[in-house]
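Working notes, beginning with the structure itself.
The values are calculated or read from the model by the stated rules, or taken from the named source; none is laboratory data. Small disclaimer: the values here were computed from a predicted structure and weren't measured. Cβ placement follows ideal geometry from the backbone for every residue including glycine, while neighbour counts extend to all protein chains displayed. The protein model used for the area step is the full one, side chains on, heavy atoms only, and it has no ligands, DNA or RNA in it. Shrake-Rupley method; radii C 1.70, N 1.55, O 1.52, S 1.80 Å.
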Amino acid sequence: MSQIVIAKFGGTSVANSAAMNNSADVVLSNPDVKVVVLSASAGVTNLLVALAEGCNPDVRQEKIEQIRQIQYQILNTLPDSQVVRDEIDRLLENITTLSEAASLATSLALTDELVSHGELMSTLLFVELLRSRKVNAEWFDVRSVMKTSDRFGKAEPEVQTLSSLCQQHLQPRLADTLVITQGFIGSESKGRTTTLGRGGSDYTAALLGEALNAKRVDIWTDVPGIYTTDPRVVPNAKRIDEIGFEEAAEMATFGAKILHPATLIPAVRRSIPVFVGSSKEPTAGGTLVCNKTSQPPLFRALALRRKQTLLTLHSLNMLHARGFLAEIFNILASHNISVDLITTSEVSIALTLDTAGSSTNGSSLLTSALLTELSALCRVEVEEDLALVALIGNELAKARGVGKEVFGVLEPFNIRMISYGASSHNLCLLVPGDDAEHVVKTLHHNLFE
Ligand code: ADP
Ligand code: ASP
Ligand code: MG
């Protein structure tokens, strides 16, 4: 293992000049930080996604102007910024050309190309800011090492290729420069830009950590650590000082936005601890995600994932039949869909579609082609606007009284589906979207406060 630390800063940590300066302080306070991974400045990716969906000329102008203002606010605080100003202007021109093209015809590849400009701009500005503070910082285009599949919007990284390209092109630079690079983006075999899905910069940081054999990956965000639930939903939520990989991975998968769901996969492969803290309050401490934690509690955290769709499939042919589930799963697989929760009865199956790690282009999983194929086999019912509440814990399946503790307090709510027993780390409930926050607050109050 090397002594390298990878530090990743999310959108709010590079939102404006003050935030970028705080982030620079964090980087410079630890000489082991050799690679810095940045998101786009807060708000920029959303604006770029909207442009990629195509808009009329007035709206387009307005959105491009908003992006320009966010980046210029930072640019204008930098001394000697003419070279970067030219670069930012060139990228803004690109954005204009690409969004005009998107208004004529959108495509997934075009979306990724357009959206990548957010990270390209934030990293250019951050390098200049560090240089103005006399730091030997270098801008690095992550697309030269982050090789991915061509699944635009949610591309899969090629881990082996990434590792050898990093050893060749990135490692040698680390001896005397601080490398600043982009999260979230990559490139496929023909060199076209791809993205890893919304929130993907966390994943980039962990992938680079794995490729460079880092001793730690630091995720700097706008909250000082991982809490027992989203502190925006429950202000009483408590920070978790140390948490195991499996529990944290369950939290991320089930919607705790604090980490992209795939972030811990590379970290687990190499046992690289991941630290989560706030770039605004770096001395406030944070959460360490690692291999072993002392005395993991029965109930650890609550996660919430909105916009869930429930499919209920009914067929009398299922009665005493073999192979029905296999047929259903084949259809889902051919549409690149993985199932999240599932319950079955004699003549019906209820399942939710896995929406963890949403794609950059926000494409819906439930296409009419999928529904047509399923309807040829069985009667299909679709319920939308549900929410998944996941209780994360340890040895849940072995403990006594979990059912009473959880369901006893949920009396006022309609619970649409329950999944419990497959993993000893979670108990999942599907509830109406409008009740979701109330359910989380109620459970948090009773199990954690
Ligand atoms: P970044 O832009 O830095 O990647 P995100 O907005 O993606 O930041 O993630 C940070 C946010 O995650 C927090 O502001 C918080 O509202 C949310 N969040 C959700 N669940 C949790 C949790 N269990 N602990 C802490 N934050 C959480
Ligand atoms: N900028 C990208 C997004 O907003 C990636 C990230 O922030 O991690 O989704
Ligand atoms: Mg994020």
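Setting aside same-chain residues fewer than 8 positions from Lys34, which lysines have a Cα under 25 Å from its Cα?
Lys8, Lys134, Lys147, Lys215, Lys280
Bin by bin, in steps of 5 Å, what percent of the Cα pairs in segment 11-61 do you find, going until the bin that has the longest distance?
5, 18, 20, 16, 14, 10, 8, 6, 4, 1
Could you calculate the FRET efficiency of Thr343 with Glu156 from 1/(1 + (r/R0)^6), where r is the beta carbon distance between them and R0 is 25 Å, rounded to 0.05?
0.30
Could you give the angle, 0 to 90 degrees to the nearest 10, between helix 82-104's Cα long axis and the longest principal axis of the Cα atoms of the chain?
So the inclination is approximately 40 degrees.
Express in Å², to the nearest 10, the accessible area of Tyr420 obtained by rolling a 1.4 Å probe over the protein heavy atoms while all chains stay in place.
My reading of the accessible area for Tyr420 is about 100 Å².
Using a 1.4 Å probe, what is the accessible area per residue for segment 3-146, in Å²?
With the other protein chains kept in place, segment 3-146 gives 40 Å² per residue.
Determine the gain in length on full extension of the stretch Ala326-Val233; use 0.36 nm per residue of separation and subtract their C-alpha separation, reporting nm with one decimal.
The Ala326-Val233 span can extend by a further 29.6 nm.
Could you state the angle between the C-alpha long axis of helix 324-334 and the longest principal axis of the C-alpha atoms of the chain, as a value from 0 to 90 degrees rounded to the nearest 10?
Once rounded, one gets 10 degrees.
Taking all protein chains in place and a 1.4 Å probe, what share, in percent, of the accessible surface of segment 107-183 do carbon and sulfur account for?
Of all accessible area on segment 107-183, carbon and sulfur atoms account for 51 percent.
Identify which of Thr283, Thr45, Thr253 has the largest mean-square fluctuation in a Gaussian network model of the chain, with springs joining Cα atoms closer than 10 Å.
Of the options given, Thr283 has the highest mean-square fluctuation.
Counting Lys +1, Arg +1, Asp -1, Glu -1, what net charge surrounds Gln71 among other residues with beta carbon under 15 Å of its beta carbon?
My count for the surroundings of Gln71 gives -3.
Return the FRET efficiency for the residue pair Glu281, Leu316: r is the Cβ-Cβ distance, R0 is 45 Å, and the value is rounded to the nearest 0.05.
According to the calculation, E is roughly 0.15.
What is the list of residues in segment 194-223 whose amide nitrogen lies under 20 Å from a point 7 angstrom out from the Cα of Glu138, following Cα to Cβ?
It comes to 205, 208-215, nothing else.
For segment 121-185 and segment 234-291, what is the separation of their C-alpha centers, rounded to whole Å?
One Cα centre to the other: 23 Å.
Keeping all protein chains in place, calculate the accessible area per residue for segment 298-422 (probe 1.4 angstrom), answer in Å².
52 Å²
Given the DSSP H assignment, sum -39500 (n - 2.57) over each helix run of at least 4 residues in the chain and divide by its residue total; what's the result at 222 nm in deg cm²/dmol, nearest 500?
Computed ellipticity for the chain at 222 nm equals -11000 deg cm²/dmol.
Which net charge results for the neighbourhood of Asn136, defined as the other residues with beta-carbon distances under 14 angstrom from its beta-carbon, given Lys and Arg at +1 and Asp and Glu at -1?
Summing Lys and Arg as +1 and Asp and Glu as -1 gives +2.
Report, to the nearest 10°, how far helix 57-75 tilts away from the longest principal axis of the Cα atoms in the chain, using its own Cα long axis and a range of 0 to 90°.
It works out to around 60 degrees.
If ligands, DNA and RNA are left out, what is the accessible area of Val27 with a 1.4 Å probe, given in Å² to the nearest 10?
0 Å²
Within a Cβ distance under 10 Å of Ile185, other residues only, what is the Lys/Arg minus Asp/Glu net charge?
-3
Label 7 Å along Cα→Cβ of Leu298; segment 418-434 residues with amide nitrogen under 18 Å?
Output list for this probe position: 420-428.
Subtracting the Cα-Cα distance from 0.36 nm times the residue separation, let me have the gained length for Asp176 to Thr106 in nm, one decimal.
Working it through step by step, the gained length comes to 20.9 nm.
If I take every Cα pair under 8 Å that is 6 or more residues apart in the chain, average their sequence separation and divide by the length, what percent do I get for the relative contact order?
14 percent
Tell me, in nm to one decimal, what length is gained between Asp32 and Asp80 on full extension, where the rule is 0.36 nm per residue of separation less the Cα-Cα distance?
That works out to 14.4 nm of additional length.
Please report the spacing between the Cα centers of segment 339-370 and segment 391-420 in Å, no decimals.
About 23 Å separates the Cα centre of segment 339-370 from the one of segment 391-420.
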